[in-house]
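What follows is a single structure, written as structure tokens, with notes after it.
The values are calculated or read from the model by the stated rules, or taken from the named source; none is laboratory data. Keep in mind that this is a model prediction, so the values were computed, not measured. Every residue, glycine among them, receives a Cβ derived from its backbone with ideal geometry; neighbour counts consider all protein chains shown. All accessible areas refer to the heavy atoms of the entire protein, side chains included, with ligands and DNA or RNA removed. Shrake-Rupley method; radii C 1.70, N 1.55, O 1.52, S 1.80 Å.
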Amino acid sequence: NYITIDLKLDDTMPHQAFGYPNEFKQTVLNILNNAKDAILKAREMGKEAGIIGLHVKVTQPQICIEITDDALGFTGDVLAKAFDPFFSTKEEGDGFGLYMAKLIIEDKIDGRISASNIENGGKITICIKNIAHTHGKIHL
């Protein structure tokens, strides 16, 4: 799809968080797919778009992952409803992607997830606890 991934890491040290690695991976993949879909939709509307940003910020005691796109952002009341069940902006969408992401991040991993608009698109931020030496670790 000719989309550039702009990856930024605060440092290259391995970090660990307690949680469910497969569910976490699926959550990030879902958000990346949403960003890709937003870029493709923006292109259909005539906007030049094609960059997904992935920025891993490490601040004790958290690891925050910001996923951005340069598409259309969250328009109208979409921002307030982004994590609601059964809410989707896609014709074929079921409204469970971001809802499940919120459940996994907040209920299963004890983290936080939020959506916001940025100057040229949208941003999803996931923050989880930076924990070392635990079982069931998520390796970032």
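Quick notes on this one:
- Fully extended contour minus Cα-Cα distance, from R43 to Q62, at 0.36 nm per residue: 3.3 nm
- With a cut-off of 12 Å between beta carbons, the residues surrounding A38 carry a summed charge of +2, where Lys and Arg count +1 and Asp and Glu -1.
- Assuming charge only on the beta carbon of Lys and Arg (+1) and of Asp and Glu (-1), the dipole of the chain about its Cα centre is about 300 debye to the nearest 20.
- Residues considered: N117, N130, N22. Largest GNM mean-square fluctuation over the chain, using C-alpha springs under 10 Å, is found at N22.
- Every helix of 4 or more DSSP H residues in the chain counts as -39500 (n - 2.57), and over all residues that averages to -7500 deg cm²/dmol at 222 nm.
- 19 Å tail of the calculated P(r), the chain, as % of Cα pairs: 51
- A simple count of charges around I118, restricted to other residues whose Cβ falls under 10 Å of its Cβ and scoring Lys, Arg +1 and Asp, Glu -1, yields -3.
- The long axis of helix 21-44 is offset from the longest Cα principal axis of the chain by roughly 20 degrees.
- Only protein atoms count toward the accessible area here, which uses a 1.4 Å probe; on the chain, the carbon and sulfur part of that area reaches 54 percent.
- Mean-square fluctuations from a GNM of the chain, with a 10 angstrom spring cutoff on Cα atoms, peak among E44, E92, E66 at E92.
- DSSP-defined antiparallel bridges as percent of all bridges, the chain, nearest 5: 80
- Here the relative contact order of the chain, from alpha carbon pairs under 8 Å that lie six or more residues apart, stands at 35 percent.
- Heavy atoms of the protein chains alone define the surface here; on that basis the chain has 61 Å² accessible area per residue at 1.4 Å probe size.
- If R0 is 25 Å, the Cβ-Cβ spacing of V78 and E119 corresponds to a FRET efficiency of close to 0.90.
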